[in-house]
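First, the structure itself, so that you have it in front of you.
The values are calculated or read from the model by the stated rules, or taken from the named source; none is laboratory data. Owing to the predicted nature of the structure, the values given are computational and were not obtained by experimental measurement. Counting neighbours? That spans all protein chains shown, and the Cβs are built from the backbone with ideal geometry, glycine included. Side chains are part of the model used for accessible areas, which takes the heavy atoms of the whole protein and leaves out ligands, DNA and RNA. Shrake-Rupley method; radii C 1.70, N 1.55, O 1.52, S 1.80 Å.
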Amino acid sequence: MIRSSTVRVKGYCLNGLGFHKLDRPAPTYNRKDRRLTHVQQTVAVLSLKGGVGKTTVALGLASAAMRRGIRTLVVDLDPQCNATATLDPEDSKATLTDVLADPQPSVVRDAIARSSWDGDLVDVLVGSEDAESHNVPDPSLNRLNRLATALDALPEIIDEEDDPYQLVLLDCPPSLGQLTRSALVAADRALLVTEPTMFAVSGVQRAFEAVQTERKNNEELQPLGVVVNRVRPRSHEHQFRISELREIFGPLVMPVALPDRLAVQQAQGACMPIHAWGTPGAREVSLAFNLMLARVLRAGRGRQDRPRSDSFEEEYA
């Protein structure tokens, strides 16, 4: 998350919505005082209903970012550790549990490992089943700030030969305890994930309310959008629920939905990024993630180019 120790640079450029692979932008990085001058976008991916595909969305964005040469860190906050399993990282000396207990730079460094996807572009802050011990229902502000403190340490722990992280994705559990709330305190943007079903729509409404509430602890937090996952275009029920979501959230609903394709589960089972799977279904889903990533990057540029609004409604009116 960008804080006072980070210089905000105008002109952070990625070339529009093109789906072709871009050359990696040359980072501006002050090695002497270890300050990050790239815009680092931190996005919490959440819903308060399980099984809607939060991890799928986080991994899909990481895959799209890797395709564009954007260095990314995935933080696995879900005690189920599905993101960690799919990214298949190297062994680490520590995990998220250790970071939340002691968010010192040395502990954060030990908890981050290179993924098997691309060791130069996608890293993971390794999850742990023991992180559930930190998922208390009513945490103190000190406990809520530990993840933000850990992410603030990222510029200090980057190796000399590595580029800084441009995108940090926080994969949240489907509950509103310390883990999800810590992500909202640490994030710049919140990406809400749902399926086009009645109970999932209710879950994303609760998640949106949680984002609004958590702004008292993080005034910079804004909603990025609502992602509708596992859509079957010929389903009348799905089309009805998508229309319902648009009535509730308006332009926050992403214009592109994620189609229900077997390729997603196949790629995850093989511990591969969706962009590398190569089937027609995978290419269709990959295109949707490319569009979604473009919205994430635009939000990062807009955040530095204009003053913040005082409410969600003002920004998206």
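Inside segment 55-77, can you point out the residues that are open to solvent by 10 Å² or more (accessible area, probe 1.4 Å) and closer than 15 Å to T180 by Cα?
Passing the criteria: only T55.
Just checking, how many residues over segment 174-198 are surrounded by 24 or more Cβ atoms within 10 Å (Cβ to Cβ), touching a Ser or Thr at 6+ places or on another chain (Cβ under 7 Å) and under 17 Å from L73 (Cα atoms)?
Final tally of qualifying residues: 2.
Another one. Would you confirm whether any residue within segment 109-117 is closer than 19 Å to D188 by Cβ and touching a helix residue (DSSP H, G or I) at 6+ places or on another chain (Cβ under 8 Å)?
Looking through segment 109-117, none of the residues is closer than 19 Å to D188 by Cβ and touching a helix residue (DSSP H, G or I) at 6+ places or on another chain (Cβ under 8 Å).
Any idea which of R283, R246, R298 is open to solvent by 50 Å² or more (accessible area, probe 1.4 Å), assigned to a helix (DSSP H, G or I) and closer than 15 Å to R189 by Cβ?
After applying the criteria, what remains is R298.
Moving to a separate point now. Taking only segment 219-243 into account, find how many residues are open to solvent by 80 Å² or more (accessible area, probe 1.4 Å) and aliphatic (A, V, I, L, M).
0
Identify, from the list D123, D162, D130, the residue that is in a loop (DSSP other than H, G, I, E, B) and either open to solvent by 10 Å² or more (accessible area, probe 1.4 Å) or at pLDDT 95 or above (or both).
The match here is D162.
Against the definition (in a strand (DSSP E or B), surrounded by fewer than 24 Cβ atoms within 10 Å (Cβ to Cβ) and at pLDDT 95 or above), how does V168 come out, yes or no?
Considered against the rule, which asks whether it is in a strand (DSSP E or B), surrounded by fewer than 24 Cβ atoms within 10 Å (Cβ to Cβ) and at pLDDT 95 or above, V168 comes out as yes.
Taking the stated definitions as given, is P137 surrounded by fewer than 18 Cβ atoms within 10 Å (Cβ to Cβ) and either within 18 Å of V185 (Cα to Cα) or aliphatic (A, V, I, L, M) (or both)?
Yes, satisfied.
Say whether the condition of being modelled with pLDDT of 95 or more, within 19 Å of R181 (Cα to Cα) and among the β-branched types (V, I, T) is met by at least one residue in segment 79-94.
Scanning segment 79-94, I find no residue that is modelled with pLDDT of 95 or more, within 19 Å of R181 (Cα to Cα) and among the β-branched types (V, I, T), so the answer is no.
Specify the residue that is farthest from P223 (Cα to Cα); the eligible residues are those in segment 31-48 that are at pLDDT 90 or above and in a loop (DSSP other than H, G, I, E, B). Before you say what the answer is, go through the steps one by one.
Applying the first criterion (at pLDDT 90 or above) to segment 31-48 yields 41-48.
Narrowing further to those that are in a loop (DSSP other than H, G, I, E, B): 47-48.
Numbers: S47: 12, L48: 15 Å.
Applying the filter and picking the extreme gives L48.
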